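The values are calculated or read from the model by the stated rules, or taken from the named source; none is laboratory data. Small disclaimer: the values here were computed from a predicted structure and weren't measured. Here Cβ is always computed from backbone atoms with ideal geometry, including for glycine, and neighbour counts include all displayed protein chains.
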Amino acid sequence: MTWHKRVLRVNLSTRTCKVEPLNMEWANDYLGGRGLGTKYLMEGMDPAVDALSEENQLIFATGPLTGTMCSTSGRWAVVTKGPLTNAIAASNSGGKFGAELKFAGYDLLIVEGRASSPVYLLIQDDKVEIKDASEYWGTTVWHTEEAIKEKLGDPQIKVASIGVSGEQGVRYACIVNDLHRAAGRSGVGAVMGSKNLKAVAARGTVGVPVADAQAFLKVVKHTHQLLEDSAGRKDLTDYGTNAMIDTMHSFGGLPTNNFQDVTFPGTEKINPEAMSTPNENDHTNLITNKACFGCTIGCGRIAHIDQNHACIKDRQQYWHASGGLEYETAFALGPVIGVDDIDALTFAGYLMNEHGMDPISFGVTLAAAMELFELGVITSADTDGVALNFGNAEALTIMAEKTGKCEGFGKMLGMGSKRLCEHYGRPELSMAVKGQEFAGYDSRALQGMGLGYATSNRGACHLRHDVFAEDMSDQTGNGKAWPCKTSQDKVAMIDSTGLCLFTTAAWDTDEFQQQVSVACGSHWSNERLLEVGERIWNLEKLFNLRAGLTKADDTLPPRLLETPAPAGVAKGRVAELSTMLPEYYALRGWDQEGVPKEDTLDRLGLGNKTTPVAANA
Amino acid sequence: MTLKTLILDADRCTSCLQCEMACSLEHEGLFAPAFSRIKVFEFEHGKRSIPYTCTQCEEAWCMQVCPTNAISVNSELGTKVVDENLCVGCKVCTMACPYGTINFNTRSGKVTKCDLCGGDPKCADACPTDAITYGVAS
């Protein structure tokens, strides 16, 4: 149980919706979420297709624990081929939408084809409708979500939607649900836009059963208590993820001015203390913390912008509260572009949510544009008259809005840093792997992070591995391949349960095993769960190989490989990828070109035999 | 005698909905917030999250209007309790209640409301932030 064993398959080209039984063999091999979504994608389409063509599929996947009383049970995944990377995209979100989709009675929603005109999908238990969305097309996420709820007269409906950026193919457009939670990375929103699908609205009354409620509650009481007692959990509750910004600054791992520096003196103006301290107008940025569905951590921040600030002084529509700064948003709208204006950062964060864009990719792309500007490669004639200097807070908010609306230079920024820098003949200035921009950790100070970035199947990402403890205690690349590999497998498993990675502040594999076992009513050993993770990792790799990626894509930009870190604990170091990568491939059971060996695939049940596509019911 | 009640502190609520899951598990046997007797309402992009359920009010309009006498007082707890064997699902109580805290349940075809889980309210147990506690109101 906890799987409904039901897949909703919607073909927008033929405008048909049908329910199929979940392939339980696959569920037992891949759990749900990221893993099961990837299996369905791999079996359902050719990885070589254009990510923005109608042959690409868009899969919304819940996990077996989504919608249960396990802490953080609101997680769901969007799995598709990413237009930013041309690789597998598996983007994870929280909020309440995913649980609602599960409550409606579905494990997975698979969207195929392309609608001939803008539509949205309305799912109310067994009633599934493809509805006209022309009145929402061309509008923001915030407008769409509220307008759909109002039109349907049901404030409890949960909505996942895209903004104009997704409609017009911004390569890092997100799918935003519940106003400020997002399947943020790799451009999954652009895939949704390419299908003419503006939104998915869900309302569910089927619920989620567990195998043995009393046994389940006993386990959950224990796992809740572990979180309650955890110091790491308490930091997340009290300070949010932005507590990391001071750590990274003092460590020398905080990418600044497009990774030209690794410390940022303005940190104190945008850190958690700054968020909760009144400014000269007696305005305090932070209002409260907020949880996703089922979450007993509550790392989300709700903030508001000082009404006296120039960016919104004359724009009353932004005087309300909304999602506030988290670490990656703060990094990508702050240090990496040299900006330390907390109100401008918060406003730009609002714009990311309102228009549906990944702040990491946007910010790091803007950082590349700023370096191009300061080098004189582009001038204000290219940038609509805006001086794109590092530290220009006004440039940040102007460009965030232009990109969200696909206007002027915003169209160029919407290509992402790789395409932007190639366009202007300076590809080395793109701080990305496989076309996807880095998160807020410098690979020279955190060597294991660098290996994780280079080998991440969805392009640069800080959430595909966890080598943090090892990186903080040892600045070399020695011994980083093994924790990188094993944590990648573990994270892939966690991402497939329906629970959140941040629970690892208190939980290890055993706690996930206990919860999966008791909820599903069958024993899952730790070894079996970690093998699921390894299987997922290898399947993602196979997807990428079939999509045409090679070893050349498992690398880092020359700035990190050749230019020593200018400061911090790793001063003088470069990323030691050349020694870590062969070790990593060997530990993975891959050959020197990064291709999984036959015995590795056989061991994981990924051998050459063709798996039949699930029979349609 | 001073009765214990659910004490709801909206300032502490993070809108995690553990309460709604605990409630639906207790009363419906599965996780289905749609059928929870306690609801969390969110305002202004999550600036305020407010848990809300039956206050077990003394007037008990639901009880007064019920044509089948399906609602009675549990004198020990002060709760107004629906007898599902007597309820015919006419929904008159849902119109009489000024608080909107007795609702028609599409699963059972009867009305449902908070009964404090017989004196051991599961929502208060489940709340991670003490936004919901069970005690004597000051």
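Among the residues of this structure, B:Val111 does not count as one that is under 13 Å from the mean Cα position of the chain (by Cα), within 14 Å of chain A (Cβ to nearest Cβ), part of a strand (DSSP E or B) and surrounded by 15 or more Cβ atoms within 10 Å (Cβ to Cβ).
The set of residues from the range A:549-576 being assigned to a helix (DSSP H, G or I) and under 24 Å from the mean Cα position of the chain (by Cα) comprises A:Lys551, A:Ala552, A:Asp553, A:Leu560.
Checking each residue in the range A:113-140 for being under 23 Å from A:Gly98 (Cβ atoms), hydroxyl-bearing (Ser, Thr, Tyr) and outside any strand (DSSP E or B) picks out A:Tyr136, A:Thr140. Scanning the range A:207-252 for residues that are assigned to a loop (DSSP other than H, G, I, E, B) and at the interface with chain B (Cβ under 10 Å from one of its Cβ atoms) gives A:Gly207, A:Pro209, A:Val210. Can you find a residue in the range A:23-46 that is part of a helix (DSSP H, G or I) and either modelled with pLDDT under 95 or among the polar types (S, T, N, Q) (or both)? Scanning the range A:23-46, I find at least one residue that is part of a helix (DSSP H, G or I) and either modelled with pLDDT under 95 or among the polar types (S, T, N, Q) (or both), so the answer is yes. Which ones in the range B:1-45 are of a type in the set (Val, Ile, Thr) and within 8 Å of chain A (Cβ to nearest Cβ)? Correct list: B:Thr14 only.
Here A:Leu179 clears all of (1) of a type outside the set (S, T, N, Q); (2) surrounded by fewer than 23 Cβ atoms within 10 Å (Cβ to Cβ); (3) not in a loop (DSSP other than H, G, I, E, B) except the condition numbered (3). Within the option set A:Ile287, A:Ile305, being part of a loop (DSSP other than H, G, I, E, B) and within 14 Å of chain B (Cβ to nearest Cβ) holds for one residue only, A:Ile305. Taken over the range B:1-60, the criterion of being surrounded by fewer than 16 Cβ atoms within 10 Å (Cβ to Cβ) and of a type in the set (S, T, N, Q) is satisfied by B:Thr2, B:Thr55.
A:Thr329 satisfies every condition listed in (1) outside any loop (DSSP other than H, G, I, E, B); (2) within 14 Å of another protein chain (Cβ to nearest Cβ); (3) hydroxyl-bearing (Ser, Thr, Tyr) except (2).
For A:Ser93, the requirement of being buried (at least 24 other Cβ atoms within 10 Å of the Cβ), in contact (Cβ under 8 Å) with a residue 40 or more places away in the chain and either in the same structural domain as A:Leu22 (by TED's automatic domain parsing) or over 23 Å from the mean Cα position of the chain (by Cα) (or both) is met.
Right, B:Gly89: within 14 Å of B:Lys113 (Cα to Cα), surrounded by fewer than 21 Cβ atoms within 10 Å (Cβ to Cβ), of a type outside the set (Ser, Thr, Tyr) and touching a residue at least 40 places away in the same chain (Cβ under 8 Å) or not? Here the answer is no, as B:Gly89 does not meet what is asked.
Evaluation of A:Lys198 against the conditions (1) of a type outside the set (Val, Ile, Thr); (2) surrounded by fewer than 24 Cβ atoms within 10 Å (Cβ to Cβ); (3) out of contact with any Lys or Arg (no Cβ under 7 Å at 6 or more places or on another chain) shows that the sole unmet condition is (2).
Just to be sure before I move on: is A:Glu145 under 24 Å from the mean Cα position of the chain (by Cα), in a helix (DSSP H, G or I) and either under 30 Å from B:Arg37 (Cβ atoms) or without any contact (Cβ under 8 Å) to a residue 60 or more places away in the chain (or both) in the structure I sent? Against the criterion (under 24 Å from the mean Cα position of the chain (by Cα), in a helix (DSSP H, G or I) and either under 30 Å from B:Arg37 (Cβ atoms) or without any contact (Cβ under 8 Å) to a residue 60 or more places away in the chain (or both)), A:Glu145 qualifies. Filtering A:Gly153, A:Gly166 for residues that are crowded, with 16+ Cβ neighbours inside 10 Å and modelled with pLDDT of 95 or more leaves a single hit, A:Gly166.
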